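Student: The structure under discussion is supplied below as C-alpha cells; questions concerning it will follow.
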Amino acid sequence: MSTRGSLTQTSVVVPAPSTTRGQCTKLYSNPSGTLLAYGSSRLALLRPLFADSSTAEVRTFGHAQSVNVVKPVGEYYAASGDAGGNVKVWDTTGNYTLKLDSKPLSRINDIACDSESKRLIVVGEGRSAWGASFSLETGSSIGEISGHSKAVNAVAMRPTRPFKAVTGSDDFSVCFLNGVPFKYASTSRRHTRFVQSVAYNPSGSLFVSAGSDGQVFLYDGTSAEERGALVESAGGAAHEKGVFAASWDREGKKVATSSADGSCKLWDVESGKVVQKWAFEGDDVQSQQVGNTFAAEHLVSLSFSGDLNILDVRSPTPSRTLYGHQNPITALSVSQPNFDTFISGDSSGRILATTAEGEVKQVKGLGHKGLVVDVVNKRDGGFVSTAYDDTVKELSKDEFGSSSVPTGSQPKALASGAPASDSLVLATASGIEIFSAPGKSLCTLSLPKGSSSATPTCVATSPSVTAVGTDDSRVHLYSTTDGKHLKSIELRANPTAVAFPPEESGEKVVAIGLATGKVPLYNVETGEIVNARWADISARVTSLAFSPSGSYLAASSLDESIRVYSLKTPSSILSLKNLHKGGASKVCWAGEGKLVSAGADGTIRTLEVKLA
C-alpha cells in the first residue's frame, strides 16, 4: 500500500455535554474564561465560547469510558474523570501528554484543584472510599476524603491558603475538610435531599451548597459555620424544584443557580435577593437547567437537552445558544451544489444544521422521535430524512416540512439520485420503494426468489441503476426507471454500504462496503469484480461516498477511521485513523478536495484531501 497525498483535519464541530436525568452535569471554564470544559460521551472537551476566542483550538481527549467531569488545571493542563474511576491529567497545549493517570475510585463525579495547580481532589464512588486527594507533582496521597456514607456528587477546594475542602453527597450532607493533608473536620445536614453542587467564592471567605431539595445554603469558608440561605419562594427555598448547580462570579459577590424548574437565577449574596432571572420554555424535561459556570463576564447554563445557554447578566434573555449532538451521529448529508451546510441526525432523533463556518443551528419544526437512519439530498436543494419513528420527512436547512409520511415498517436505509435525478429509494424491513418525493411512489422493488426472506441493509441509486444490499451476503441491481431486476452479486460477507460514482464520470461500477471491512468494486453491466485490493479496514464499513469527479472513494468504518481510495491508482490509499471515538458512522464529500465525517463521538469533522 502506498500513500500519495495527505488527509488532514481542518476543523471540528464538537458535541454537546452529556446529561443524566436527576444529576448535575459539571461545567467549568479555564482561568481566563475563554474555554468551556465538559465531558461528552467518551470525550473530554475544552471548547472556545466566544468570537474573540475563535482562533483557539478545540481540545479533545479520549477516555475508554464516559467522561463525567473535565476540570482545567491552570491554563496548560486539564483533569478529566470518567465512569470507570479513571483520572487523567493532560497537557492542553497540543501534545496531550499525560501528567497523571490514576484509578483511585470506581466512578469519578467531580474534581477540584487548588489555585497553585499542585493538588487535586476527586470524588465519586469507590469500594473503600468516596474520594481521594493527591499531589500533581508526585502522585502521592495528601489526605483522606471521608465523612460520607453514600456517593459524593461534588467537591470544591478553597482557592487561598489555608487550604480547605468541602464535599456534597447523596447522603444529604455537606462535609468540611481541613488541609493539607486533608482531614475530616465537620458535617452539615441542612439539606433534605441529595447535595448536587458545592462551590467556593474566589476569596475563599464563603462557600455555597445546592441540592435536590431546591435549597441553596451559604457557609463560612474557613470554619464552615452557617451563613444563611438564598430564599425567594414562599416555601423558603431558592427554587421550586431541585437545584443542580451553583457558581460564583469573578468578584465573589453573586451566585448563579440552575434548577430543574427550567430557570437560572443570579443572586446578590449580601442582600440575598435575585438580581436577574432567566426562564427557559419548552419541554419540561429538556428545558431543565442541570449545570452552570461563569466564563469571563458571561454565565453559561446547560439545559438537559445539551443546549449551552450563554447569558449576559444584564439581560433576561440568552445572548447566544450553542447546539450540538449529545448522542452518536447516525446520518449526515451535505447541501448541494454549494456544500455550505451539513445536515446531521443522531440516535435520539435530533437533526441539526451546521454551516461551513461551524455555526450549529436547530432544524425547527416537528422532527423525528427515534434514531435517524438517513438524511439525503433532494435535487431541488432540500433534504429527506427517515427514522425509527417509521416516518419519512422533508426538510430544508432551517425547518421541517409540514408533512410526515409513514414507512409502514422500520426503515433500514434511504438513498438519493441527486443531483442527477429526482429518484429516492427507501428500504424498510418489509420492502423497497422508489419514489420522487415522500408519498409519491414510482415503483416497488421485489427481492429475487433466492433472497425473498432477506432484509435490506443498504441502498444506493443512480439515474439508471439502483443497488440494494441484503443480509444474505448479496447486492441486487435494478433499473431505476422501471424497477426491473437486472442481476445479483454474490459476496463473502454482508454488505453494509453501497455507492455509485456520478454518472458523468463514465465509471460503470458500484462500490460495496462489507461487514468484514473490505471494499470491492464491481462492474454494473457484467456483475464481475473490478477491484478487490481494498482490504485494509479492520471493522465494518459504515458508509461510502464517491467524489464529485468520481475518481476517488471515501469510506468510514467502525475502526474509527476515514479512508480515501483512488480508482485510477488503487494502491494509493489515504487514511486518518482514530478520528471518531467509538467509530466513524458517515462520510460525505463537500467538494473535490474536502470531506465531512461524523461518528459515535457526536463530532462533525472537516477534512482536507490533498491528492498527488
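Student: Determine which member of the set GLU240, GLU226 is over 21 Å from VAL313 (Cα atoms), surrounded by fewer than 20 Cβ atoms within 10 Å (Cβ to Cβ) and within 33 Å of the chain's Cα centre (by Cα).
Tutor: GLU240
Student: Give just the number: which of (1) part of a strand (DSSP E or B); (2) hydroxyl-bearing (Ser, Thr, Tyr); (3) in contact with a Cys (Cβ under 9 Å, 6 or more places away or on another chain) does THR481 not satisfy?
Tutor: Here THR481 meets the rest and fails (1).
Student: Check THR60 against each of (1) closer than 17 Å to PRO15 by Cα; (2) assigned to a loop (DSSP other than H, G, I, E, B); (3) among the hydroxyl-bearing types (Ser, Thr, Tyr) and name the one condition it does not meet.
Tutor: If we test THR60 against (1) closer than 17 Å to PRO15 by Cα; (2) assigned to a loop (DSSP other than H, G, I, E, B); (3) among the hydroxyl-bearing types (Ser, Thr, Tyr), just (2) comes out false.
Student: A further question follows. Is segment 312-321 home to any residue that is more than 30 Å from SER549 (Cα to Cα), in contact with a Phe, Trp or Tyr (Cβ under 7 Å, 6 or more places away or on another chain) and among the polar types (S, T, N, Q)?
Tutor: no
Student: Let me ask you something else. Do any strands (runs of 3 or more DSSP E) entirely within segment 379-431 hold 2 or more residues that are surrounded by fewer than 17 Cβ atoms within 10 Å (Cβ to Cβ), and if so, which? Step through it out loud before you land on a result.
Tutor: Numbers: elements: 383-387, 391-395, 400-406, 411-416, 424-428.
Because the criterion is at least 2 residues that are surrounded by fewer than 17 Cβ atoms within 10 Å (Cβ to Cβ), the strands (runs of 3 or more DSSP E) in segment 379-431 that meet it are 400-406.
Student: Among the residues that make up segment 305-319, is at least one of them surrounded by 24 or more Cβ atoms within 10 Å (Cβ to Cβ) and not in a strand (DSSP E or B)?
Tutor: yes
Student: Which one is nearest to TYR323 (Cα to Cα) among residues in segment 337-367 that are buried (at least 22 other Cβ atoms within 10 Å of the Cβ) and hydroxyl-bearing (Ser, Thr, Tyr)?
Tutor: THR354
Student: Within segment 93-123, restricting attention to residues that are of a type in the set (Ser, Thr, Tyr) and over 25 Å from TYR200 (Cα atoms), which residue is nearest to the chain's Cα centre (by Cα)? Even if it seems obvious, please write down each step before you answer.
Tutor: Taking segment 93-123 and keeping what is of a type in the set (Ser, Thr, Tyr), we get 93, 96-97, 102, 106, 115, 117.
Going one step further and asking which of them are over 25 Å from TYR200 (Cα atoms), we end up with 93, 96-97, 102, 106.
Numbers: THR93: 22, TYR96: 20, THR97: 23, SER102: 25, SER106: 24 Å.
Once the filter is applied, the top-ranked residue is TYR96.
Student: Here's something else I'd like to know. Please give the strands (runs of 3 or more DSSP E) falling wholly within segment 197-280 in which 2 or more residues are of a type in the set (Phe, Trp, Tyr).
Tutor: Those strands (runs of 3 or more DSSP E) span 216-220, 243-248.
Student: Just give me the residues in segment 567-583 being of a type outside the set (Val, Ile, Thr) and over 30 Å from SER347 (Cβ atoms), in sequence order.
Tutor: Across segment 567-583, the qualifying residues are LEU567, LYS568, PRO570, SER571, SER572.
Student: A further question on this structure: Taking segment 9-52 on its own, how many of its residues are part of a strand (DSSP E or B) and closer than 27 Å to SER597 by Cβ?
Tutor: Qualifying residue count for the region: 17.
Student: Okay, next question. May I ask you to verify whether VAL180 is of a type in the set (Val, Ile, Thr) and more than 24 Å from CYS24 (Cα to Cα)?
Tutor: Taking the combined requirement at face value, the residue satisfies it.
Student: While we're here: Select from segment 548-563 the residues that are of a type in the set (Asp, Glu) and farther than 16 Å from LEU7 by Cα and list them in ascending order.
Tutor: Once the filter is applied, which keeps residues that are of a type in the set (Asp, Glu) and farther than 16 Å from LEU7 by Cα, segment 548-563 yields only ASP559.
Student: What are the residues in segment 516-538 that are part of a loop (DSSP other than H, G, I, E, B), surrounded by 14 or more Cβ atoms within 10 Å (Cβ to Cβ) and on the phi < 0 side of the Ramachandran plot, if any?
Tutor: Residues satisfying the conditions are THR516, LYS518, VAL519, PRO520, VAL524, ARG533, TRP534, ASP536, ILE537.
Student: In this structure, is ALA460 on the phi < 0 side of the Ramachandran plot, at pLDDT 95 or above and in contact with a Leu (Cβ under 7 Å, 6 or more places away or on another chain)? Explain how you work it out, then say what you get.
Tutor: Values: on the phi < 0 side of the Ramachandran plot: yes; at pLDDT 95 or above: yes; in contact with a Leu (Cβ under 7 Å, 6 or more places away or on another chain): no.
No; evaluated as a whole, the condition is false for this residue.
Student: Please give the strands (runs of 3 or more DSSP E) falling wholly within segment 85-171 in which 2 or more residues are surrounded by 15 or more Cβ atoms within 10 Å (Cβ to Cβ) and of a type in the set (A, V, I, L, M).
Tutor: Fully inside segment 85-171 and qualifying: 87-91, 107-113, 119-125, 152-157, 164-169.
Student: Still on this model: When segment 172-185 is examined, which residues are found to be in a strand (DSSP E or B) and either within 15 Å of SER209 (Cα to Cα) or not assigned by TED's automatic domain parsing to the domain that holds VAL123 (or both)?
Tutor: Scanning segment 172-185 gives VAL174, CYS175, PHE176, LEU177.
The values are calculated or read from the model by the stated rules, or taken from the named source; none is laboratory data. Just so it is clear, the structure is predicted and the values come from calculations on it, not from any experiment. Don't worry about glycine lacking a Cβ; one is built from the backbone with ideal geometry, like all the others, and counts go over all protein chains shown.
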